[in-house]
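The next block holds one structure in the form of structure tokens; read it before the comments.
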Amino acid sequence: MSPEVLSTPAVETAKVADRAQSRAQAARRRKAVVNLARVLVLVAVLGLWEGLSRAKAIDPFYFSMPTKIWDQIWTWVTHGTALGSLGEQIWYTLFEALLGWVIGVVAGVLLGIALGRIRLLAEVFGPYIKVLNSIPRIVLAPIFLIWFGLGPSSKVASAVVLVFFPVFFNAFQGAREVDRNLVANARILGASDRRVTLQVVIPSATSWIFTSLHVSFGFALIGAIVGEYIGATKGIGLLVSQSQNTFNSAGVYAAMVILAVVALVAEGLLTFAERRIFRWKPAGSDS
């Protein structure tokens with residue numbers, strides 16, 4: 001046997017390794033380009049905003065400017081707000097949003113899987129869920145304020161109703177889209193309805209559920225903020241309300257920036273958790 005034949009597997013292995021390394025380098029370069037483009041877009045927008053405000057092309061009283069917004073955030077960080085420390089306001093809003101998000105996610109997943117698996121329940125409760133989903137949830141915030149008062153309960157309730165429906169519909173659809181062959185094979189092997197649900201349906205619907213989690217946490221923040229804006233004793237939403245009442249546009253934008261940072265951190269954590277859970281998925285399957 002010739003040396004060329006013996007060396008063929010090693011050569012092919014080296015080629016595969018080189019291609020994998022090239023793809024990894026291309027992916028890193030692309031990520032660097034994307035991150036650089038994002039930074040440049042942000043700098044361009046902020047620079048244009050600052051320039052237009054200073055040139056009075058837009059009214060700085062209403063639109064403020066990035067430097068004043070940064071000064072407001074720095075003032076809140078170093079000297080606190082009229083309601084207390086900035087960290088306390090962030091934690092209060094985050095606590096309401098997280099609690100509402102957890103309750104809404106658990107309720108949405110349980111009911112979505114149950115109605116997706118049990119056709120009778122879907123036929124009985126389906127019309128009621130559609131009617132409730134058609135109600136603008138934001139208008140429920142004043143009702144919750146009347147029911148539960150100025151404390152965190154009314155904000156948690158607002159967050160729950162905003163989170164529940166997207167999670168419910170994704171879980172319901174995920175339970176309905178389970179491969180029927182998998183269910184049939186599990187039943188042939190003697191699996192009960194409970195084991196089919198726990199070991200086949202829920203794992204199959206997990207990707208659907210995680211898709212809704214990314215959107216639903218933003219909804220939870222909206223619910224908490226709207227509730228605080230209408231009536232509260234502390235929180236970022238109350239900061240927005242007080243800034244608006246005192247015509248402090250920089251304070252309104254500063255609160256929005258803080259909320260955006262909180263939402264981005266939460267999105268990053270969810271993405272990290274999703275990648276850890278779905279490590280078996282190909283890297284491009286999400287796109």
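The values are calculated or read from the model by the stated rules, or taken from the named source; none is laboratory data. Please read these numbers as outputs of a predicted model, since none were measured by experiment. Cβ coordinates were reconstructed from backbone atoms using ideal geometry, including for glycine residues, and neighbour counts include every protein chain displayed. The protein model used for the area step is the full one, side chains on, heavy atoms only, and it has no ligands, DNA or RNA in it. Shrake-Rupley method; radii C 1.70, N 1.55, O 1.52, S 1.80 Å.
Filter the stretch 248-265 for residues that are open to solvent by 60 Å² or more (accessible area, probe 1.4 Å) and farther than 17 Å from W76 by Cα and give the result.
L264, V265
So, in the stretch 229-247, how many residues would count as being open to solvent by 20 Å² or more (accessible area, probe 1.4 Å), within 21 Å of V156 (Cα to Cα), in a loop (DSSP other than H, G, I, E, B) and at pLDDT 85 or above?
1
Identify the residue in the stretch 58-113 that is assigned to a loop (DSSP other than H, G, I, E, B) and hydroxyl-bearing (S, T, Y) and, among all such residues, is most open to solvent (accessible area, probe 1.4 Å). Working first, answer last.
Here is the first cut: in the stretch 58-113, the residues assigned to a loop (DSSP other than H, G, I, E, B) are 58-59, 64-65, 80, 82-83, 85.
From what's left, hydroxyl-bearing (S, T, Y): 64, 85.
Numbers: S64: 2, S85: 61 Å².
That would be S85.
Regarding the stretch 34-50, can at least one residue be identified that is outside any helix (DSSP H, G or I), closer than 21 Å to Q244 by Cβ and open to solvent by 40 Å² or more (accessible area, probe 1.4 Å)?
Initial filter on the stretch 34-50 (outside any helix (DSSP H, G or I)): none.
No, the stretch 34-50 contains no residue that is outside any helix (DSSP H, G or I), closer than 21 Å to Q244 by Cβ and open to solvent by 40 Å² or more (accessible area, probe 1.4 Å).
Being modelled with pLDDT of 80 or more and under 12 Å from the mean Cα position of the chain (by Cα) is the filter here; which residues of the stretch 212-228 pass it? Please lay out each step first, then the result.
At the first step, the residues of the stretch 212-228 found to be modelled with pLDDT of 80 or more are 212-213, 215-228.
Once the filter is applied, which keeps residues that are modelled with pLDDT of 80 or more and under 12 Å from the mean Cα position of the chain (by Cα), the stretch 212-228 yields S212, L213, V215, S216, F217, G218, F219, A220, L221, I222.
Criterion first (small (G, A, S), under 28 Å from V257 (Cβ atoms) and either in contact with a helix residue (DSSP H, G or I) (Cβ under 7 Å, 6 or more places away or on another chain) or outside any helix (DSSP H, G or I) (or both)) does G116 satisfy it?
Working: small (G, A, S): yes; under 28 Å from V257 (Cβ atoms): no; either in contact with a helix residue (DSSP H, G or I) (Cβ under 7 Å, 6 or more places away or on another chain) or outside any helix (DSSP H, G or I) (or both): yes.
In short, no.
Does K31 count as on the phi > 0 side of the Ramachandran plot, at pLDDT below 90 and open to solvent by 70 Å² or more (accessible area, probe 1.4 Å)?
Details: on the phi > 0 side of the Ramachandran plot: no; at pLDDT below 90: yes; open to solvent by 70 Å² or more (accessible area, probe 1.4 Å): yes.
Answer is no for this residue.
How many of the residues in the stretch 114-172 are hydroxyl-bearing (S, T, Y) and in contact (Cβ under 8 Å) with a residue 24 or more places away in the chain? Working first, answer last.
Restricting attention to the stretch 114-172, the residues satisfying the condition of being hydroxyl-bearing (S, T, Y) are 128, 134, 153-154, 158.
Filter again for in contact (Cβ under 8 Å) with a residue 24 or more places away in the chain, leaving 154, 158.
Total meeting the criteria: 2.
How many residues are in a loop (DSSP other than H, G, I, E, B) and either at pLDDT 70 or above or of a type in the set (F, W, Y) (or both) if we restrict to the stretch 152-205?
Count: 2.
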